[in-house]
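Please treat every number below as a calculation from the coordinates, not as lab data. These numbers come from a predicted model, not from an experiment. Using ideal geometry, Cβ is built from the backbone for each residue, glycine included, and neighbour counts are taken over all protein chains shown.
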Amino acid sequence: MCTTCGCSDSANPRVTNLQAGHTDKTIHSHSDHSHSHNAHDHGHHHHEHELDTHHDHQQEHETTVHLEQAILAKNDRLAERNRGWFLGRNIVALNLVSSPGSGKTTLLERTIHDLKDAMPISVIEGDQETQFDAERIRKAGCPVIQINTGAGCHLEADMLARGLESLQPPSNSLVLIENVGNLVCPALFDLGEQAKVVVLSVTEGEDKPLKYPHMFQHASVMILNKIDLLPHLTFDVATCLEFAHKVNPNLQVFQVSATTGKGLHHWYDWVTAQINASNRQVFANGQCIGARVSGGNGTCDRGRSRGGGLHTPDQKLFGGEHA
C-alpha cells in the first residue's frame, strides 16, 4: 500500500513542460513523512514473552495506521487547494485512471482531436519514466505537461499542483489528467479533480471491477475501451457491467473504441455535460471568470469557443453527430 510502503520516497518526481522544454526536479511528495515504525529498535529483545511480541505488533500496527492517516490527510489538504484553484478558474479537471495498456492515451488523442475546436483542452501526463505519451499528446495539438514519478506508482496532489503551475491552463477550460497506469494506488490519492474516469479494456478481463473494487468505487465513469476487438475475444460485456455495478451502482459506463471512434459520442456528451454544469454554476453565482462582460448586460464571454460562438449555460459546446 503506497500510504505506508514508501514507493515514492526516493522517486524524485520530475515535471517537464514540453512546450518550453524545461524540467523541474523539485517536487516533494509524501516522502517528507519518515517511516518511524522502521526506526523503532527495541533493545530488549524478549521474544520469548508472547505478551511483548503482541505489544510490538500492536504498536507497529498503530504506528502504520497513524502514518497512513498522516500521508492521506496531507494529500487531501493539498487536493482541496487544487480543487479550489480549479473552481476559481471554472476549470473542469478529470482524472483518467487504468491499468497499463488500457488505451488511455489513445482515448485522449481522439478526444483532443474531436473536441479541441469546441473547448480549450490541456493535459497532464503521469508516467514513471519517458515522455512518450506526452509527445503523442503534443503532436495531437494540445498543451501538455509530463510528470515522471520515478519509483512512484501514482500521481499525488502536490505533483499535480506543480504541473499546473507550469502548464497554466486557461480559465473556462478542460484539464485531462492521465494518471500512472495502476488500478490500486491512484484510488487512494485525491488530486482535486472533479471526477475519476476509470478506463478498462476488453482485453483485460471482465473481473477487474471485483479484483480492484476501490478504483471502481471511487470512479464516476467507466469507459469500456477496445470494443472493436470483441469479435476476437471471449470477453463477456454483460458480466463485466454486472460486476462494475455491483461495486458501484451509480457508475456510468460508456462502451467505446478509441481507435475506430465507435461510441465516443456518449463520452463526449458526458464531458460536455460537466462543462455545462460548471458554466451554469458560474452564471448562478454571477461570476465571469477570466473574461469580460459583454455589453453591460451581464452576459459572460467565458463560454466563447475557439470557433467564436457564444454558448449559454444550457447549450452544448458542439453539435451534430459523432462517429
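I need the fraction of alpha carbon pairs in segment 194-237 separated by more than 11 Å, rounded to a whole percent. Let's see the in-between values first.
On the way: 620 of 946 pairs.
Value for segment 194-237: 66 percent of Cα pairs lie more than 11 Å apart.
For Gln252 and Lys116, calculate 0.36 nm times their separation in residues minus their Cα-Cα distance, and state this gained length in nm to one decimal.
Details: separation 136, 0.36 × 136 = 48.96 nm, distance 2.37 nm.
Gain in length upon complete extension: 46.6 nm.
Using only the C-alpha atoms of segment 120-239, find the volume of their convex hull and express it per residue in Å³.
Values: hull volume 15.7 nm³, N = 120.
Once divided by residue count, the hull of segment 120-239 is 131 Å³.
What number comes out for the charge environment of Thr203, summing +1 per Lys or Arg and -1 per Asp or Glu over other residues with Cβ under 12 Å away?
Every neighbour counted, the sum reads -1.
Work out from phi, with θ = phi - 60° and the Karplus expression 6.51 cos²θ - 1.76 cosθ + 1.60, the ³J(HN,Hα) of each residue of segment 142-147, listed in order in whole Hz, and give x for Gly and Pro.
These are the phi-based 3J(HN,Hα) values: 10, x, 8, 10, 9, 10 Hz.
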